[in-house]
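Laboratory data are not the source of any read-out in this text; all were calculated from the coordinates shown. Everything quoted here is computed from the prediction, not taken from an experiment. Using ideal geometry, Cβ is built from the backbone for each residue, glycine included, and neighbour counts are taken over all protein chains shown.
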Amino acid sequence: AAKMHTVYSVCVCVCVCARMHFQYYCVYVCMMLLFGNITQPQLQYNTRRSLSTSAQPVKDVTLFEHDRTRFMRLLVVCCGGQFVFWTYMAHFAYTGLRDTRGASEKGEIKASTTGLVGMWRFDMNLGSNAWRYGFTMGCLAVGAAIVGLGTLFCRRSVGRVVLHRGGRMVTVSTQSPLGPGRGQRITVPLSQVTCYAHRQESPVFIPLRVKGYRLYFLLDKEGTINNARLFDITVGAYRSI
């Protein structure tokens with residue numbers, strides 16, 4: 001019995017640690033999308049990087065590429081499963097919770113309480129309109145938020161960055177669960193693209209800002225930078241936009 005209790009305790013600790021790590025990863029991704037480099041913000045403007053306008057390749061050059069199709073498909077499955085689960089919970093909250101006010105007053109059903117002590121202990125009628133609609137809307141909001149964050153992460157994860165011939169235009173392609181090259185493609189002048197952190201400063205993602213888009217695009221550092229020097233003086237250079 002003691003051995004089984006020890007194994008159970010270890011399993012619970014592992015599950016809790018894994019859940020905390022996943023939550024930290026989600027929070028980190030959201031912060032990167034909103035604010036770019038959050039680990040070393042003081043180095044954004046202190047690091048001097050030259051802005052070169054003479055980098056004019058004679059043909060299109062793929063500066064960055066990273067295929068995460070398998071991960072995006074898994075993300076779609078997970079988000080879809082979460083949405084179905086929270087939709088079912090909303091349906092259960094709307095149809096399954098009963099108003100026990102009259103029955104509890106007659107003594108047929110024992111009134112539900114918070115289970116706390118002192119001033120925090122009070123009766124709860126989970127079937128009342130306030131609780132029923134609150135649970136329903138809360139579950140729907142959680143499911144929609146999970147799907148929205150998954151979609152946003154997919155549309156902001158960069159799969160390829162191409163510097164076109166002449167060095168004046170850049171194409172940023174995002175990831176897609178349908179396969180490489182099926183995501184969103186954004187072609188803008190090089191002057192409208194900037195990295196707010198050097199690729200060696202960011203531990204996980206390189207934040208890329210494109211003029212006209214509110215949130216950052218994320219370049220996974222596990223991807224391949226084919227020409228590091230050309231990347232640093234073109235797309236990876238800091239410029240005010």
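If I stretch the segment between MET137 and ARG70 completely, what's the gain in nm (0.36 nm per residue apart, minus their alpha carbon distance), one decimal?
On the way: separation 67, 0.36 × 67 = 24.12 nm, distance 3.24 nm.
Extra length available between MET137 and ARG70 comes to 20.9 nm.
With a 10 Å Cβ neighbour count serving as the proxy for reagent exposure, in which order, fewest first, do ARG229, ARG160 appear? Could the numbers behind the result be given before it?
On the way: ARG229 11, ARG160 20.
With the fewest neighbours first, ARG229, ARG160 line up as ARG229, ARG160.
Once you place label points 7 Å from the Cα toward the Cβ at THR224 and ARG185, how far apart are they in nm?
2.0
Each label point is 7 Å from the Cα along the Cα-to-Cβ direction; what then is the distance between the points at ARG155 and ILE241, in nm?
1.8
With just the Cα atoms defining each centre, how far is region 144-186 from region 197-241? Give it in Å.
13
If we count other beta carbons within 10 Å of each Cβ, what is the order of CYS78, CYS139, CYS195, fewest first?
Values: CYS78 12, CYS139 20, CYS195 27.
Ordered from fewest to most neighbouring Cβ atoms within 10 Å, CYS78, CYS139, CYS195 come out as CYS78, CYS139, CYS195.
At 7 Å along the Cα-to-beta-carbon direction for both GLN82 and THR171, put a label point, then send me their distance in nm to one decimal.
Going from the GLN82 label point to the THR171 one covers 3.2 nm.
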